[in-house]
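Peer 1: First, the structure itself, so that you have it in front of you.
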Amino acid sequence: MKKGPFFFSHNLSFFIIRFLWVGSTSIIPQAFLIYNNPEYKEVLLPLILITGAVMEVLGVLSINFIRNKNIKLLTVSLSVISILSLCVIIYTKSFYIFLIANIIFRYISSVFYSILDLYCTSSIKNNSSDNYCNLHIAMQMLAIVLSPLLFSEFLTYDSFILSLLLSVSLVFLWSCFNIKEFNFSLEKSKPSLLQKLSKSEAVFFIFSICNYMVMTLYAGMVIFVAKDYYAVSNAVKIGGLAFFSFSLSSLSCMLLIQFALKMSNNIRSISILKSCFFVLGLTFLGISVLSFGKELVNLYIGSVLIGVSVGIYWPLSKKIMTKYAIKSSKLYIISFYNICPAISIVLAYLMLLLLDLIIFYFSFSYYFGFFFLLYFLLAIASIVLWYDKRFFERQRG
């Protein structure tokens, strides 16, 4: 893959898109509902996030209809529509307008992201996939660190919003212009609903979806947890700081692991199976700290533990799927991997809606049910991991 403007601009676009996705799935919807529809926030939040996630999935599948001859015009158009819909999301006070703008933004940005990721993956060789994955994940981890901090602190500042919109415009357009350096047909990478995953591939995706669901529920509810479970008055700021500690620990963990691997020439390849079990254990501990105490220190420590687990698993899973897709010539695997977070959002918030329904008929604490749901997802992930442990044993980080 060519480096220089191409390599940097597309990874910068990944950073921007992830920055906006994190904001539009964590801080922005919760802040919008607290300020505009506080009495219905537990019901409206799942609706916002589920519709947005469905649009992400449809966005990935829409690349079936893309033709290379229109690629530059298409990406420029996607950039402009994304920016306009983002403006509406930030400035509107109407729930219905917010919902429609969010649907448009998530769909358009998903198409844009999928095009860039498929182009990048198709342009690298297997022996250089680690460099692409490391930079790709590092940029997105950095976005996850900065997004909740900046949105929770400066969402009401016009100067921040204008600077953000200008930055998004410049980065997206720069990335669009650099697409001309590719000579790649999307035909072999189209994700088809008729494509059949092998048993091991399906198991890996189920395990990933369970992990993403835990992360999704944490990110989507952290402000509500701070407000209702920990009973703090400035929930948006406290929740944003908790999510910042989660994101910072994720990025720090990933960078420390990469530094250790580079510094030690004798270190053996990382066991993916052992890493996955370690991730589940850390997540279990983080949820336990969150749920068995109502001091703010519990909120922050639990967030850090969950963040470390994400910092371990996310880079490994990206490397596994990238190497696997290149070696097996199954680039559509990347598309399936990219929609795992969106699928996890749909499933996670459908479960929250089901939890609301159960609580309506059976009187018990909402957050007792919420934390039980997180433990339940970890149990499913453990069962799936043990069921096809041979596939994980064959993979090396």
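Peer 1: Determine the gain in length on full extension of the stretch SER328-ALA231; use 0.36 nm per residue of separation and subtract their C-alpha separation, reporting nm with one decimal.
Peer 2: Working: separation 97, 0.36 × 97 = 34.92 nm, distance 5.12 nm.
Stretched out fully, the SER328 to ALA231 stretch lengthens by 29.8 nm.
Peer 1: How do TRP314, TRP386 rank by accessible surface area computed with a 1.4 Å probe, from largest to smallest?
Peer 2: Details: TRP314 20, TRP386 150 Å².
Largest accessible area first, the list is TRP386, TRP314.
Peer 1: Ranking request for peptides 94-101, 362-369: highest mean number of other beta-carbon atoms within 10 Å first, then the rest in descending order.
Peer 2: Details: 94-101: 15.8, 362-369: 11.8.
Going from most to least packed, we get 94-101, 362-369.
Peer 1: May I pose another question? Can you tell me the order of 105-114, 332-341 when each peptide is scored by its average per-residue count of other Cβ atoms within 10 angstrom, highest first? Could you put the intermediate results ahead of the total?
Peer 2: Details: 105-114: 24.9, 332-341: 21.4.
Listed from highest to lowest mean packing, they are 105-114, 332-341.
Peer 1: While we're looking at this one, here's another question. Taking the mean number of other Cβ atoms within 10 Å as a proxy for protection, how do you rank 342-353, 278-289 from highest to lowest? The partial results should precede the final answer.
Peer 2: Values: 342-353: 21.6, 278-289: 20.1.
By packing density, highest mean first, the sequence is 342-353, 278-289.
The values are calculated or read from the model by the stated rules, or taken from the named source; none is laboratory data. Small disclaimer: the values here were computed from a predicted structure and weren't measured. With ideal geometry, Cβ positions are generated from the backbone for all residues, glycine too; neighbour counts draw on all protein chains shown. Heavy atoms of the whole protein, side chains included, go into the accessibility calculation; ligands, DNA and RNA do not. Shrake-Rupley method; radii C 1.70, N 1.55, O 1.52, S 1.80 Å.
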